[in-house]
1. Among the listed residues 150, 142, identify the single one that is under 14 Å from the mean Cα position of the chain (by Cα), in the same structural domain as residue 76 (by TED's automatic domain parsing) and in a strand (DSSP E or B).
2. For residue 111, state whether it is on the phi < 0 side of the Ramachandran plot, assigned to a helix (DSSP H, G or I) and more than 10 Å from the ligand (Cβ to nearest atom).
3. Condition first: of a type in the set (Ser, Thr, Tyr) and out of contact with any helix residue (DSSP H, G or I) (no Cβ under 7 Å at 6 or more places or on another chain). Now tell me which residues in the stretch 63-103 satisfy that.
4. Among the residues of the stretch 42-62 satisfying the criterion of being hydrophobic (A, V, I, L, M, F, W, C) and not in a strand (DSSP E or B), which is farthest from the ligand (Cβ to nearest atom)?
5. Only one residue in 91, 72, 122 is modelled with pLDDT of 95 or more and either surrounded by 13 or more Cβ atoms within 10 Å (Cβ to Cβ) or out of contact with any Lys or Arg (no Cβ under 6 Å at 6 or more places or on another chain) (or both), so which one is that?
6. Considering only the stretch 58-87, state which residues are touching a residue at least 24 places away in the same chain (Cβ under 8 Å) and among the acidic types (Asp, Glu).
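The values are calculated or read from the model by the stated rules, or taken from the named source; none is laboratory data. Values in this document were obtained by computation on a predicted structure and should not be read as measured data. Neighbour counts run over all protein chains shown; Cβ positions are idealised from the backbone, glycine included.
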Amino acid sequence: MKYFKIKSTLLLLSMSATLLVSCNKTETNDVVADAPVEAVTDDAAKQDTINITLNGNDKMQYDLSQIDVYEGQTVVLTLNHVGTMPKASMGHNFVLLNKGTDLDKFEEEASKARETDYIPQGDSDIIANTKLLGGGESDTITFQAPEKGTYDFLCSFPGHYSMMKGKFNVK
Ligand SMILES: [Cu+2]
């Protein structure tokens, strides 16, 4: 009986010790995580113009899956095709689409638009797009960040968007 009591006291002690440790840990993490993130955020938000570099390669990959900008900013986006394959077999572009665009539907339309490099003309879902590039080529576009929210970007070359897509976050 006595032994049990000591044992449960010990258990309680170790539990509160664990709680204390985890509380402290959370507080420490918060302080450490908040300070630098806040500083970077403030700096990035103050800029009128934000430069984004996105690379696409011969393995049908972008090097970014998330792009963060701020409302009202002028976005200067450069897409580089860092591979060597030609546009006809491994073409890449960047297409930014309106919130809530049905990606499968868009891709269906885009794949029919071969004459215009897979950009369906007059499609109101397109906010901005680069040219279609082959290996070694680059294109830079400038556009206004749309209103706050999460948007999709993708490569509209047939079959690429299952791998080549990401989120464009306007904060
Ligand atoms: Cu592509």
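1. Values: 142 fails: under 14 Å from the mean Cα position of the chain (by Cα).
Just one listed residue meets the conditions, 150.
2. Yes, satisfied.
3. Restricting attention to the stretch 63-103, the residues satisfying the condition of being of a type in the set (Ser, Thr, Tyr) are 65, 70, 74, 78, 84, 89, 101.
Within the stretch 63-103, 65, 74, 78, 84, 89, 101 qualify.
4. So in the stretch 42-62, the residues hydrophobic (A, V, I, L, M, F, W, C) come out as 44-45, 50, 52, 54, 60.
Cutting the leftovers down to not in a strand (DSSP E or B) gives us 44-45, 60.
Details: 44: 28, 45: 31, 60: 6 Å.
Ranking the qualifying residues of the stretch 42-62, first place goes to 45.
5. On the way: 72 fails: modelled with pLDDT of 95 or more; 122 fails: modelled with pLDDT of 95 or more.
Of 91, 72, 122, the one residue that is modelled with pLDDT of 95 or more and either surrounded by 13 or more Cβ atoms within 10 Å (Cβ to Cβ) or out of contact with any Lys or Arg (no Cβ under 6 Å at 6 or more places or on another chain) (or both) is 91.
6. Across the stretch 58-87, the qualifying residues are 58, 68, 71.
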